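One structure is given here, and the rest of the page talks about it.
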Amino acid sequence: MAARRFRLKYPPATAVALEDDMFVVGGGGGTSKSGIPNRVSLLEDSGSELKEVSHIDFKLDRVVGLCSHPKNRVVVCTTAGGFTHTIAYSTTNKSLSLLSSQSTAAVPEGEEYSPSQRAVSYSPSGAQIAISQGRSVGLWKSAKATGLVKVSAVDCTEQHKADVRDLLFTPDGSGLFTLDDEGCCLWDVASLSLKHRFSAKEDVKDVTAPKFRGVSLDAPAGLLYTLVSHAARNGSAGYITTRKITDEGLTVVRSAKVVPNAATALGAVKGGRFCVATSEGEVVVIDPLSLKPLATLTLHALPVTKVLMLEDGDTLSVSLDSYCCLGLAKAEALRLVRKERMIYAILFLIFFVALFLAYMLDKL
């Protein structure tokens, strides 16, 4: 079996890993009165099954973003209605508890939702948190007891023509990457000035209308990863481009096609590998050195909305099909290695038999 699955009572949009066997997932049905909850769930992998052990509901306010604190046992949850909730978790008691709730993005008059808050990221120290607000980003001071205090904002409206979809602090916390469909920007956090910008068309030059689908860092290797998707009737694909983060110009190291379908999400480098999700419900584990697939897991019936690479080599993904899947990528990779070795063994045996038969015929 390639995965352990749990069907949620709502379509999930996002997820974070607390440990390799404990996860928080969020999503919901929005303002509709269909009975579909807007919920954050704590899921546990017992080793034999994936199950929900705790949850918090948010009435008619759909969960759109999640981020876990790098040091404290806290998760921040953003919603479509413009609220941000700070949630404490216990992996011992297997519980979630709401610490604070506050408005972080106003809903414009006549609109149903606030500017998109789907992108959220803690700084490496946990002192600051960045939350997207449509085409801009708010920077907040994080405190477990009192919630969030806004300290500044990055005005990205000149550089981003669509809502910011991903955020990522640099390893030292001095820089912040912002990503929309068409462009990726690096900002200086202290001065709020733009340091660098590159486009999806620069990453993939030979296709029309490429779109960014994720950004990730491999800090030990000093590399920035961007995922670009190209969807077309005559062929779709997902591409990875790597850049040196120590280089002011963010020099491209390499670029390669990694999946043969439209890509939807990028799982950060963990345990010496990363993963890419697709519109076909697949999760592909990739070697960061060769950019070659190590394992392909067909886990969902609909597009994957979020994917995580876990330290132990497995993956966690959520999809519009309402399933959360723990992809057993380690076992799948081992199966592929064994299959490859078996093929080589069979070829060697055929070669040896052919040599033996040739020798016997020569004797005759």
Subset of segment 287-308 [assigned to a strand (DSSP E or B) and either more than 23 Å from Leu179 (Cβ to Cβ) or touching a residue at least 60 places away in the same chain (Cβ under 8 Å) (or both)]
Pro293, Leu294, Ala295, Thr296, Leu297, Thr298, Thr305, Lys306, Leu308
Are any of the residues in segment 148-159 more than 25 Å from Val107 (Cα to Cα) and more than 16 Å from the chain's Cα centre (by Cα)?
no
Buried (at least 16 other Cβ atoms within 10 Å of the Cβ), polar (S, T, N, Q) and within 22 Å of the chain's Cα centre (by Cα): is that true of Thr104 in this structure?
no
Exactly one of (1) closer than 22 Å to Asp206 by Cβ; (2) among the charged types (D, E, K, R); (3) modelled with pLDDT of 95 or more is unmet by Glu282. Its number?
(1)
Please find, within segment 68-92, the residue that is farthest from Gly110 (Cα to Cα) out of those that are open to solvent by 60 Å² or more (accessible area, probe 1.4 Å) and either outside any loop (DSSP other than H, G, I, E, B) or among the polar types (S, T, N, Q) (or both).
Thr92
Any idea which residue in segment 107-122 is farthest from the chain's Cα centre (by Cα), counting only those that are closer than 21 Å to Leu266 by Cα and open to solvent by 10 Å² or more (accessible area, probe 1.4 Å)?
Ser116
Yes/no for Gly222 being open to solvent by less than 40 Å² (accessible area, probe 1.4 Å), within 18 Å of the chain's Cα centre (by Cα) and of a type in the set (Gly, Ala, Ser):
no
Some residue of segment 131-143 being under 24 Å from His55 (Cα atoms) and either open to solvent by 10 Å² or more (accessible area, probe 1.4 Å) or of a type in the set (Ser, Thr, Tyr) (or both):
yes
Go through segment 94-153 and give me each residue that's touching a Cys at 6+ places or on another chain (Cβ under 8 Å) and assigned to a loop (DSSP other than H, G, I, E, B).
Arg135
Look at segment 168-185 and say how many of its residues are open to solvent by less than 20 Å² (accessible area, probe 1.4 Å) and not in a loop (DSSP other than H, G, I, E, B).
9
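Residues are listed down the side, and each one gets a yes or a no for (1) farther than 25 Å from Pro12 by Cα; (2) open to solvent by 40 Å² or more (accessible area, probe 1.4 Å); (3) in contact with a helix residue (DSSP H, G or I) (Cβ under 9 Å, 6 or more places away or on another chain):
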site	(1), (2), (3)
Ala190	yes, yes, no
Glu202	yes, yes, no
Ala209	yes, yes, yes
Phe212	no, no, yes
Ala231	no, yes, no
Gly238	no, no, no
Asp247	yes, yes, no
Val253	yes, yes, no
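The values are calculated or read from the model by the stated rules, or taken from the named source; none is laboratory data. Not measured: the values here are computed from a predicted model. Note: ideal-geometry Cβ built from the backbone for every residue, glycine included; neighbour counts use all protein chains shown. Each accessible area value is taken on the protein alone, full model and side chains, heavy atoms only, with ligands, DNA and RNA left out. Shrake-Rupley method; radii C 1.70, N 1.55, O 1.52, S 1.80 Å.
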